Amino acid sequence: MENLIALLIAAPLLGAGLLLCGGRRLDRVGHLLGTVLAAASFVIGVVLFADMLGKGGEERALHQHLFSWVPVEGFQADIAFQLDQLSMTFVLLITGVGTLIHIYSIGYMEHDERRRRFFGYLNLFLAAMLLLVLADNYLLLYFGWEGVGLASYLLIGFWQHKPSAATAAKKAFLVNRVGDMGLSIAIMLMFTTFGTFAFGPVLESTGEASDGTITGIGLMLLLAACGKSAQVPLQSWLGDAMEGPTPVSALIHAATMVTAGVYLITRSGAIFNASPDAQLVVVVVGAVTLLFGAIVGCAKDDIKKALAGSTMSQIGYMILAAGLGPIGYVFAIMHLVTHGFFKAGLFLGAGSVMHGMNDEVDMRKYGGLRKYMPVTFVTFGLGYLAIIGFPGLSGFWSKDKIIEAAFAKGGTEGWILGAVTLLGAALTAYYMTRVMLMTFFGEKRWQPDAEGNEPHPHESPKSMTIPMIVLAFGSVFAGGLFSLNESFVKWLEPVTAFEHGHPPISAGAVTASTVVVLLIGVGAAYLQYGRKPVPVIAPRGSLLTRAARRDLLQDDFNHVVLVRGGEHLTRSLVYVDHTLVDGVVNGTAASFGGLSGRLRKLQNGYARSYAVSMFGGTAVLIAATLLMRAV
Amino acid sequence: MNPVNYLYLAALLFTIGAAGVLIRRNAIVVFMCVELMLNACNLAFVAFSRMHGNLDGQIIAFFTMVVAAAEVVVGLAIIVSLFRSRHSASVDDASLMKL
């Protein structure tokens, strides 16, 4: 069975290789090939899953050693895979949702002449992400991590003829690099501390390292997670990443990429458990990001950017849960999976709306679309109910548990975190209701564009609606299925460990308050966008709204602090370089130049003067020799 | 006759040759002075050969002659072509090889 693990990665990797190197002759079958290979990977995943279910909880982990990557004395890096329950969860999510997105892309990218290449990149993305979650050591994980960064760069900038897309891809890549630095430093620290970077030895021996080292490793891992998962302060790339084709957004936001940070923190749980300080920082980052994303999501008129804010916020929930330790890991992953379903569904729905509206993304120019796109409306609606945590749907089960765990943190912290998560839930309800009302309800607000083309909203083709329907099923039932008999907790417990949290208020009260804040959020959005017609031109808005429209000034902050600061730093360094370093170097060069200018006068071209120097030299040599003899 | 006298003669001839190389401007004369220095060396070699009672010095003298013959061929050719192009055989006129 363990020999199948490599095949999980090999299938999409083969697809990427064939599609990217195969050339034009594959144009006609490329999209099918890519989809079939992604599906093949999913089938292998299901086979392994079925096999895993047949074994006891502790014996489920599989290992496959492929070959020694860097066999050096004292430094052993292997291409080796580990498939335990945590990796399995990710494998099924990545390949399952990934395959659905492949199918969707067949329809969505139908008129794009570079569709083959697009599928090649999608396959590459899947392969890199699978490598990331299947690696059995941090170095191989880092390889997958970088692969994900590369694939996201290629996909976000897929429409590179648009300068905005090219810039967004560059931005995503650069911001991610900051996080990647964190990961590489963490790996170096691990190697110097433990002498290895395989998961098993490192995570078992966290007690041997000093507190400072463990906290350092934890914070560096958190920095890495912030980069990939778009958490404050490395969140700025996520909104711009919407420049990529919509299936890419769905893939990045649901199945791959942003989940990598949560995976990293959960996988390194032992390190964070050993360092309460690092855990506290993780929780704070999660809490700040979940409000940050939610506030940004409330103000955006671009449907994809509103959803991007929502992703940031939901990942914030997961990071927060992961920072809570054993009471939260399981729920972080559970929310990740349910979020994978509904967020993929929402993005595919948004793509379907754009497909029918001539690629218009401004929600103020939608309105009343439920009549024109019934399937999209229903699937999007179910995703909407799931994300706001409507009782009974997926998001309810996972988010409610996170809120409960936040309260269970205990003390003042517990109350603050609980309040933040509840506030986040209210904001989620508000901004998602806003998206829903502006898109599907109210009067039609679209107008002919400058060339007089009026959009004719229509339902998308089957290849696009079927994945949306499947994801809608996941959005509705996944959470309940996971919570039934605590099956998800039991499934992950052997890997991540689990403790029951004890919130200071009863679980029923938490659930009740979740529902109350949900209703408040929905009600507020209804009063603002349901009762009154939505203005086509965005009103000026309050100071907070205007700030949120500019992503809460994140780019301005980065510009002022990092770009300007960097410029000043480089200018002063250039000045030092010009005056001090160049002064020394140029001064030396000039003095040698002057000296040689004088010395070259000796080369006067007269053969006789050369002869004099020869004779003179010989005479001196002879005289010296004789003198030495005499002494 | 005392062989040391031949060494005095060789030193005298070498000095004359060297002085000629340094002082004279005419390339032909400079050239002949070089030959004079070579022959002074040859004389010294032969004298040493006689003094030490072996043939090493004589053999080296033959080598010197062969080298001198070859040098004459090349050197004269250079001087002739120099004279043809400049109508002068002065070594100071050919002073273009400088910075």
Problem set entry | Residue ID - surrounded by the most Cβ atoms within 10 Å (Cβ to Cβ), chosen from residues in segment A:386-429 that are of a type in the set (D, E, K, R) and in a helix (DSSP H, G or I) | A:Lys399
Exercise. When you look at B:Met1, is it surrounded by fewer than 18 Cβ atoms within 10 Å (Cβ to Cβ), at pLDDT below 90 and not aromatic (Phe, Trp, Tyr), yes or no?
Worked result: yes
Seminar exercise, completed: For segment A:119-157, the count of residues that are touching a residue at least 24 places away in the same chain (Cβ under 8 Å), aromatic (Phe, Trp, Tyr) and either in contact with a Gly (Cβ under 6 Å, 6 or more places away or on another chain) or more than 26 Å from A:Phe194 (Cβ to Cβ) (or both) equals 3
For this session: Sort out which residues of segment A:487-516 are in a helix (DSSP H, G or I), of a type in the set (S, T, N, Q) and free of Cβ contacts under 8 Å to residues at least 12 places away in the same chain, and write them in order of number.
Result: A:Ser487
For this session: Being out of contact with any Leu (no Cβ under 9 Å at 6 or more places or on another chain) and of a type in the set (Val, Ile, Thr) is the filter; apply it to segment B:47-69 and report the residue that is nearest to the other protein chains (Cβ to nearest Cβ).
Result: B:Ile60
Exercise. How about segment A:259-371: which helices (runs of 4 or more DSSP H) wholly inside it have at least 3 residues that are within 20 Å of the chain's Cα centre (by Cα) and over 24 Å from A:Gly144 (Cα atoms)?
Worked result: A:276-299, A:303-323, A:329-356
For this session: Scan segment A:120-134 residue by residue and report those that are within 15 Å of A:Val97 (Cα to Cα) and among the aromatic types (Phe, Trp, Tyr).
Result: A:Phe125
For this session: Kindly establish whether A:Thr412 is without any contact (Cβ under 8 Å) to a residue 12 or more places away in the chain and among the hydroxyl-bearing types (Ser, Thr, Tyr).
Result: yes
Exercise. Taking segment A:287-310 as the region of interest, how many residues are farther than 17 Å from A:Ser542 by Cα and of a type in the set (Gly, Ala, Ser)?
Worked result: 6
Problem set entry | Hey, A:Glu58 of a type outside the set (Gly, Ala, Ser) and in a loop (DSSP other than H, G, I, E, B) or not | no
Exercise. For segment A:570-620, what are the residues that are of a type in the set (Lys, Arg), loosely packed, with under 11 Cβ neighbours inside 10 Å and at the interface with chain B (Cβ under 10 Å from one of its Cβ atoms)?
Worked result: A:Lys601
Exercise. Which of the residues spanning segment A:517-540 are part of a loop (DSSP other than H, G, I, E, B), in contact (Cβ under 8 Å) with a residue 60 or more places away in the chain and over 31 Å from the mean Cα position of the chain (by Cα)?
Worked result: A:Pro533, A:Val534, A:Pro535, A:Val536, A:Ile537
Problem set entry | Selection from segment A:139-198 of residues that are among the charged types (D, E, K, R), over 22 Å from A:Ile271 (Cβ atoms) and surrounded by fewer than 19 Cβ atoms within 10 Å (Cβ to Cβ) | A:Lys162, A:Lys170, A:Arg177
For this session: Check whether at least one residue in segment A:447-456 is buried (at least 20 other Cβ atoms within 10 Å of the Cβ) and in contact (Cβ under 8 Å) with a residue 40 or more places away in the chain, and report yes or no.
Result: no
Exercise. Residues of segment B:69-99 being crowded, with 17+ Cβ neighbours inside 10 Å and among the small types (Gly, Ala, Ser), which ones?
Worked result: B:Gly75, B:Ala89, B:Ala94
For this session: With the condition kept exactly as written, say whether any residue in segment B:70-91 is within 14 Å of another protein chain (Cβ to nearest Cβ), farther than 30 Å from A:Ser596 by Cα, of a type in the set (S, T, N, Q) and touching a residue at least 60 places away in the same chain (Cβ under 8 Å).
Result: no
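The values are calculated or read from the model by the stated rules, or taken from the named source; none is laboratory data. What you see is a predicted model, and the numbers here were worked out from it, not measured in a lab. Note that we place each Cβ from the backbone using ideal geometry, even for glycine, and neighbour counts take in every protein chain shown.
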